[in-house]
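Below: the structure, in structure tokens.
The values are calculated or read from the model by the stated rules, or taken from the named source; none is laboratory data. Everything quoted here is computed from the prediction, not taken from an experiment. Neighbour counts run over all protein chains shown; Cβ positions are idealised from the backbone, glycine included. To get the accessible areas, we keep the full protein, side chains included, count just its heavy atoms, and leave off ligands, DNA and RNA. Shrake-Rupley method; radii C 1.70, N 1.55, O 1.52, S 1.80 Å.
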There are 4 protein chains.
Amino acid sequence: MAANTFGHHFTITTFGESHGPALGVVVDGCPSGIPFDMDLLTRELDRRRPGSSDIVSQRQEPDQPEVLSGVYQDRTLGTPVAIMVRSTDARPQEYEDIARAPRPGHADDVWKVKFGHVDPRGGGRASGRETVARVMGGAVAHMAVSHIQPQVQVSGFARSIGPHTIADQDMATVSAGLGKDVEDLLRSARKEGRSYGGIAEIRVDGAPAGLGQPVFHKLKSDLAAAYMSVGATIGVEFGAGFSAAKSEGTVFHRQPADRQPYGGIRGGISTGEPMVARVAFKPTATVLDAAKKGRHDPCIVPRAIPVLEAMTWVVLADHLLRMRCDRG
Amino acid sequence: MAANTFGHHFTITTFGESHGPALGVVVDGCPSGIPFDMDLLTRELDRRRPGSSDIVSQRQEPDQPEVLSGVYQDRTLGTPVAIMVRSTDARPQEYEDIARAPRPGHADDVWKVKFGHVDPRGGGRASGRETVARVMGGAVAHMAVSHIQPQVQVSGFARSIGPHTIADQDMATVSAGLGKDVEDLLRSARKEGRSYGGIAEIRVDGAPAGLGQPVFHKLKSDLAAAYMSVGATIGVEFGAGFSAAKSEGTVFHRQPADRQPYGGIRGGISTGEPMVARVAFKPTATVLDAAKKGRHDPCIVPRAIPVLEAMTWVVLADHLLRMRCDRG
Amino acid sequence: MAANTFGHHFTITTFGESHGPALGVVVDGCPSGIPFDMDLLTRELDRRRPGSSDIVSQRQEPDQPEVLSGVYQDRTLGTPVAIMVRSTDARPQEYEDIARAPRPGHADDVWKVKFGHVDPRGGGRASGRETVARVMGGAVAHMAVSHIQPQVQVSGFARSIGPHTIADQDMATVSAGLGKDVEDLLRSARKEGRSYGGIAEIRVDGAPAGLGQPVFHKLKSDLAAAYMSVGATIGVEFGAGFSAAKSEGTVFHRQPADRQPYGGIRGGISTGEPMVARVAFKPTATVLDAAKKGRHDPCIVPRAIPVLEAMTWVVLADHLLRMRCDRG
Amino acid sequence: MAANTFGHHFTITTFGESHGPALGVVVDGCPSGIPFDMDLLTRELDRRRPGSSDIVSQRQEPDQPEVLSGVYQDRTLGTPVAIMVRSTDARPQEYEDIARAPRPGHADDVWKVKFGHVDPRGGGRASGRETVARVMGGAVAHMAVSHIQPQVQVSGFARSIGPHTIADQDMATVSAGLGKDVEDLLRSARKEGRSYGGIAEIRVDGAPAGLGQPVFHKLKSDLAAAYMSVGATIGVEFGAGFSAAKSEGTVFHRQPADRQPYGGIRGGISTGEPMVARVAFKPTATVLDAAKKGRHDPCIVPRAIPVLEAMTWVVLADHLLRMRCDRG
């Protein structure tokens, strides 16, 4: 049933299968008059793209976005903004045998139970390539939020890659990269057929207090749904996260605000302080797939970061609009 | 804006403030012909109720449910099932000063930013008492799932309470309690004004393969939204969870199935294997509230377990119905 | 499936069967800070109530509303507003034979096809008594709209009753009644076992320009859905309505604005001019039901008017909130 | 806000402005395994297309549909089906002055109030060209319904064009055309700058009993919303429609079933009998637009019929899936 739309006021509806003709997004509910920033859109797609360095998959996807609707003279019209990219590196023949032998760690078998078939074209809609559409939708959300609340910033980092944890002081310096140790690890993993899990960290600065609804659409609830809808995720935490579970309350609640024990969210509603979330990823299963040897991602975290950022922008845009209706 | 409904086909809409006249739920989308089990409903409410032992809050809430609609001659009609409980232990006078001084660790201040006021009656809708309505909705979902797929079981445990971790072999024996050490800890915490975080674990056995939708309504995404909508939650993980982030892929994906590395969910869709999720809770903030000394919960996990189970049943009922529309 | 909620931002979820324990509504998305007008609520319920004069059904339903949540110190909290009325004139025994013999003109037979049973208690949820919940939800919408846009007025009239058409000049004078001719017709119809169809007219004055969304949620589309969700409706038209179908364009579009050819809606969006809609009703089928002789409504229009007004307020409240998100 | 999606289980989300780069639809919730009938899709687009005869607008729009996702080896995958057509006859320069002078009878002025701008490109999203996307979505719905319930037929006719009413016996013979009198009327109207309103009739044969939900999603309510979301509509009625308003009940309800007094819907639910609806249209306003002289539609009804049929298929597909969840 209809399950490819995310959000309530500001929504993204995505379509497209890996190796199908195109992937795309329809952004509905984007207010009119938002300056459309084509550079931002292509920059975000480039960040997500595989083949951009030797620590990620070498599959080539130029990902040229085409804006099909909703924008006129560089401003949004208030109508749906549809954007698509065509697939150019499709190699359906290479995937034909998926139909016969479901790949371990992938969803081929459960997909067959569910829909009565497997899309043999590289996992079809279950492929990570689906996230192209999210990144495009997130870019539009980014434009909308930046117009309404220019001070909001979303930034993602790799907090850990397999056994390596990246300390706070290093995260600043390695925002473009991951540090030499980690990059060496990933480079050898790609060549030698290993893969690693990891943890991505998302920070939101400058968000106003009051985002989130009190019961079912708490900000943490909608963010968790957004993050856990990304492939290969296996956990999410806010602020102190799982370590809070071991804490005693009079100590925990009296921490200085800059420790962000709550992750900038209290009662499910943003406090105006910086927000912090961490998302855990499984090691990629593609490593088990002999056919794709050397084309797999040794760790999905670097490429997942722009996707998590995109989903964050969508949740923020949605809740900024929801908040307009809070008071009479 | 409208944000008090959870689910898509099978939905619960909850209402009510702590110390308001009543709390209730409207269950919409429950199929007709489901046997209505009044005992199950009251049993679940009793499990959630404070005052039931000396390790939880001593506030008394008899919580007598009244079925207002949707049931006739002990079967559901296919119409909305509305159930409410009246508040009987309301002490609004005791909370009057909340309006003046927001309580630390609570949402009073952000609520005021958002809605222009604070409900001084014990936190109003931000109170944990709101979960009464979820437990009632979850009980109806439980009845529906049990009728459609009788083999499905949902069970929750305390996996850790503050510094204490409860081992697998102990969880079976302490399903009714928590073990003497933990109970002693909580008893003294309640008396001496301390509180603890903790981790609840939810297991689903007997669920069919195929539950969940591939992109935005992955089963893990909807479960994460459900769990993180419960107050005081600060993290959620499935299967191996955050520990998977440290794993290498050829090892991780070749674990025996009974280790449940994926938590019974692959590609966002249930595999038919047992499902496992863990939810982390902050220490209760009420411990900071001098006015409620001795009436606070020293750890919210024991009382949150029936709430997490209830939300699990709702997600399962919703996805069992969604699944009916997967194929032509 | 879940189908008992109407609206998107401002929603009403209704529950209750005729002769069940209670009927009620949960209003979600009502902004905080709206003055709650209890008199308005009871006044609207009184207008809908049968037994209020000898031209409507003589069934007695005192309909005492009880506000269960969402209101504190006479203002809305921004949380769901739940209101219910208990059933007091329930005579389930009288309806027992419905289970055996579906009533002609009613939905008993299709209900059975659909849900596998018939609720024998006076039609259950298919009964006109369900509209009590709509009137309560509409009263809250009325309060919200009046606070946000105080100049908005909604008023309903009987435009025709069976063969009698009520002219413009008479409508003003008979707003409380229907004119002596029509009242005589209905009085004799009730005694002699006849019933009539009729047409209700709804006017909205003072609504701002810009309400309605351009494609699927045109204001006329949402109003039509609202009106056609009321029992016994069989048609709806706006402005010139079906007579426009016979018109030539250069004449039609050059009519003076006070003729309201478009009904105050152009391109699906309110123009700021008065809005006019008419709703056609079938004759009540209860007239065929020997068991209810003398307790039937000889024409449903007089009692349907407060229901149509209520649905109009809900649509207006919903679109006033939607409009807040139109621009960046 | 998000308002470009129609349906609940089976949904269409449309995008595109007249004279923008493309128009398209994302069909979400279409079950897997539906045979995809490309001929049906292009045939329906051809029926809607202007320029196909001399009684409709002479604007040329080849409307070549491209399926972007959701179909593999001629079967639906259960993933979103996205289809688009590119605009080829765009003449934006011709419309530049709309920005300066809103066209009478169009929505230019209210659109400006709402969104702060007018899309000068032929009305943008408010243009009738938007219906291309609906026809494509309706074609997919048609394929789905035909697979699930092969006996269902939807057929549309012109019931009246301006002053001409087309009798039952003629409707059969003029299904391809409209009869010589009417065609002459339209031909001269186009040349001489006149336009007419009219009434379209939609019949559904072979639909099962039980479609529709009892309260807010009555079949007649969802159909009315669907029809009234089409541009230039001004009224809708079912079965006997407005004439029922003049009837007496003991006569009305005892009519033979083949007279279809209820339009095949009782209590809001389909009875299994043929369904009949009629939709009234205003005369097109384009006739007032000197710039478009000779390119206007003299009556929109002939071109609106495939659009109304498309919306009917969407509602039927949605309710066929909803019905799967009615019983436990």
Considering only residues that are open to solvent by less than 50 Å² (accessible area, probe 1.4 Å) and out of contact with any Pro (no Cβ under 6 Å at 6 or more places or on another chain), which ones fall in the stretch C:184-203? C:185, C:188, C:193, C:198, C:199, C:200, C:201, C:202
Conditions (1) surrounded by fewer than 24 Cβ atoms within 10 Å (Cβ to Cβ); (2) over 20 Å from residue A:226 (Cα atoms) -> residue B:282 fails only (1)
Residue list for the stretch C:27-43, restricted to those being crowded, with 23+ Cβ neighbours inside 10 Å and either over 17 Å from the mean Cα position of the chain (by Cα) or more than 10 Å from chain B (Cβ to nearest Cβ) (or both): C:28, C:29, C:30, C:31, C:34
Could you check, for the stretch B:204-214, whether at least one of its residues is aliphatic (A, V, I, L, M) and without any contact (Cβ under 8 Å) to a residue 24 or more places away in the chain? no
Somewhere in the stretch A:55-65, is a residue surrounded by 15 or more Cβ atoms within 10 Å (Cβ to Cβ), at pLDDT 95 or above and more than 7 Å from every other protein chain (Cβ to nearest Cβ)? yes
Scan the stretch B:171-179 and give yes if some residue there is surrounded by 21 or more Cβ atoms within 10 Å (Cβ to Cβ), in contact (Cβ under 8 Å) with a residue 40 or more places away in the chain and over 30 Å from residue A:127 (Cβ atoms), otherwise no. yes
Just need a number here: residues in the stretch C:232-270 that are within 7 Å of another protein chain (Cβ to nearest Cβ), open to solvent by 10 Å² or more (accessible area, probe 1.4 Å) and among the hydrophobic types (A, V, I, L, M, F, W, C). 2
Between residues in the stretch A:252-275 that are acidic (Asp, Glu) and residues that are buried (at least 24 other Cβ atoms within 10 Å of the Cβ), which pairs lie under 7 Å by C-beta distance while being six or more apart or on different chains? A:273/A:264
Can you tell me which residue within the stretch C:306-328, out of those that are under 18 Å from residue C:81 (Cα atoms) and small (Gly, Ala, Ser), is surrounded by the most Cβ atoms within 10 Å (Cβ to Cβ)? C:317
Go through B:303, B:295 for me and flag whichever is open to solvent by 10 Å² or more (accessible area, probe 1.4 Å), out of contact with any strand residue (DSSP E or B) (no Cβ under 7 Å at 6 or more places or on another chain) and in a loop (DSSP other than H, G, I, E, B). B:295
Restricting the stretch A:15-26 to residues that are facing chain D (nearest Cβ under 7 Å) and open to solvent by less than 10 Å² (accessible area, probe 1.4 Å), the residue that is nearest to residue A:80 (Cα to Cα): A:26
Residues located in the stretch C:99-132, provided they are crowded, with 20+ Cβ neighbours inside 10 Å, more than 9 Å from every other protein chain (Cβ to nearest Cβ) and among the small types (Gly, Ala, Ser): C:122, C:127, C:128
How many residues are within 10 Å of another protein chain (Cβ to nearest Cβ) and among the β-branched types (Val, Ile, Thr) if we restrict to the stretch C:181-206? 1
Would it be correct to say that residue C:321 is in a helix (DSSP H, G or I) and over 25 Å from residue C:158 (Cα atoms)? yes
Breaking point among (1) under 24 Å from residue B:232 (Cα atoms); (2) crowded, with 24+ Cβ neighbours inside 10 Å, for residue A:276: (2)
Among (1) in contact with a Pro (Cβ under 9 Å, 6 or more places away or on another chain); (2) on the phi > 0 side of the Ramachandran plot, which single condition is residue D:123 missing? (1)
Which of the residues belonging to the stretch B:216-246 are closer than 15 Å to residue A:232 by Cβ and in contact (Cβ under 8 Å) with a residue 12 or more places away in the chain? B:218, B:219, B:220, B:221, B:224, B:237, B:238, B:239, B:240, B:241, B:244
